[in-house]
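For reference, the structure is listed below as structure tokens.
The values are calculated or read from the model by the stated rules, or taken from the named source; none is laboratory data. Remember, it's a predicted structure, so these values are computed and weren't measured experimentally. Here the Cβ is made from the backbone with ideal geometry for all residues, glycine too, and neighbour counts use every protein chain on show.
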Amino acid sequence: MHDKTMSSTYGRVYEHDLKSMESGEVANLSFIIWKKGHLNTAMRSTTLFCISDYVPPRLEPYLIEENRSALLTQYTQGIKKVYTYHYKTKAYSMCATIDFNTFKKGHQQHTMNLSLGRDSTQIWINHPGESVFSGENRPSFWAGNGICPNLRQYRNYMMIEYRLRDPYLPYIIYERTTRFNHD
């Protein structure tokens, strides 16, 4: 979480999640578990969580306090054992999947994410897998990578290298800012 929005890389990304994390199911879970997030009407996983006996981990070790300038986490996740690098401060959060499926055809992976400020600004870059805007194929125009990039990150420096080949589409850069009242 960066402020009240999930800001990370993740597999199996969907267009509606990329464009508005506040309206996704993760936002509900974060609000219920840690009081950080946004309640909305996406309730499938929320209902299952509420009737389960799962106890989530504590969030406090991952919060940025005034006395801590940055938090660096590195971990391997998922069936494919993806190495994820995440650097977070109060002002921004940067995350990348390191050396995952480099220069190969992708699916619906979200391989890099940048979050800025307290207004839920999310910035990400990917390579569309089809030309139809808001299409249905995997990956779609917005979600995933037709060709996965070579990503490297060290703290607040990130290198992204694409090797796109014909007939593939050029990459896209997307920035979405949503303003919220932070009382």
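Does THR76 qualify as being surrounded by fewer than 18 Cβ atoms within 10 Å (Cβ to Cβ), at pLDDT 90 or above and within 16 Å of the chain's Cα centre (by Cα)? Before you say what the answer is, go through the steps one by one.
On the way: surrounded by fewer than 18 Cβ atoms within 10 Å (Cβ to Cβ): yes; at pLDDT 90 or above: yes; within 16 Å of the chain's Cα centre (by Cα): yes.
Yes: the conditions hold for THR76.
Out of SER140, SER131, one residue alone is touching a residue at least 60 places away in the same chain (Cβ under 8 Å) and hydroxyl-bearing (Ser, Thr, Tyr). It is SER140.
What do you reckon, is THR46 crowded, with 18+ Cβ neighbours inside 10 Å, over 21 Å from GLY117 (Cα atoms) and without any contact (Cβ under 8 Å) to a residue 40 or more places away in the chain? Spelling it out, THR46 is indeed crowded, with 18+ Cβ neighbours inside 10 Å, over 21 Å from GLY117 (Cα atoms) and without any contact (Cβ under 8 Å) to a residue 40 or more places away in the chain.
The single condition from (1) surrounded by 13 or more Cβ atoms within 10 Å (Cβ to Cβ); (2) of a type outside the set (A, V, I, L, M); (3) out of contact with any Cys (no Cβ under 8 Å at 6 or more places or on another chain); (4) assigned to a loop (DSSP other than H, G, I, E, B) that ARG58 fails is (1). Output yes when any residue across segment 16-39 is among the aliphatic types (A, V, I, L, M), assigned to a loop (DSSP other than H, G, I, E, B) and more than 11 Å from the chain's Cα centre (by Cα), and no when none is. There is at least one residue in segment 16-39 that is among the aliphatic types (A, V, I, L, M), assigned to a loop (DSSP other than H, G, I, E, B) and more than 11 Å from the chain's Cα centre (by Cα).
Look at THR102 and say whether it is surrounded by fewer than 15 Cβ atoms within 10 Å (Cβ to Cβ) and of a type in the set (Val, Ile, Thr).
On the way: surrounded by fewer than 15 Cβ atoms within 10 Å (Cβ to Cβ): no; of a type in the set (Val, Ile, Thr): yes.
Against the criterion (surrounded by fewer than 15 Cβ atoms within 10 Å (Cβ to Cβ) and of a type in the set (Val, Ile, Thr)), THR102 does not qualify.
Could you tell me which of the residues THR97, THR121, THR89 is touching a residue at least 24 places away in the same chain (Cβ under 8 Å) and either over 24 Å from LYS19 (Cβ atoms) or of a type in the set (A, V, I, L, M) (or both)? So that I can check it myself, show each step before the final result.
Values: THR97 fails: either over 24 Å from LYS19 (Cβ atoms) or of a type in the set (A, V, I, L, M) (or both); THR121 fails: either over 24 Å from LYS19 (Cβ atoms) or of a type in the set (A, V, I, L, M) (or both).
Every option except THR89 fails the conditions.
Within segment 131-165, count every residue that is more than 20 Å from HIS16 (Cβ to Cβ) and among the acidic types (Asp, Glu). Don't jump to the end; show me each part of the working.
So the first thing to find is which residues in segment 131-165 are more than 20 Å from HIS16 (Cβ to Cβ), and the list is 147-165.
Right, trim to among the acidic types (Asp, Glu) and you get 161.
Residues that pass the stated criteria total 1.
Among the residues of segment 83-129, the one identified as among the basic types (Lys, Arg), closer than 21 Å to TYR154 by Cβ and part of a strand (DSSP E or B) is LYS88. Identify the residue in segment 8-18 that is among the charged types (D, E, K, R) and buried (at least 17 other Cβ atoms within 10 Å of the Cβ) and, among all such residues, is modelled with the lowest pLDDT. Here the answer is ASP17.
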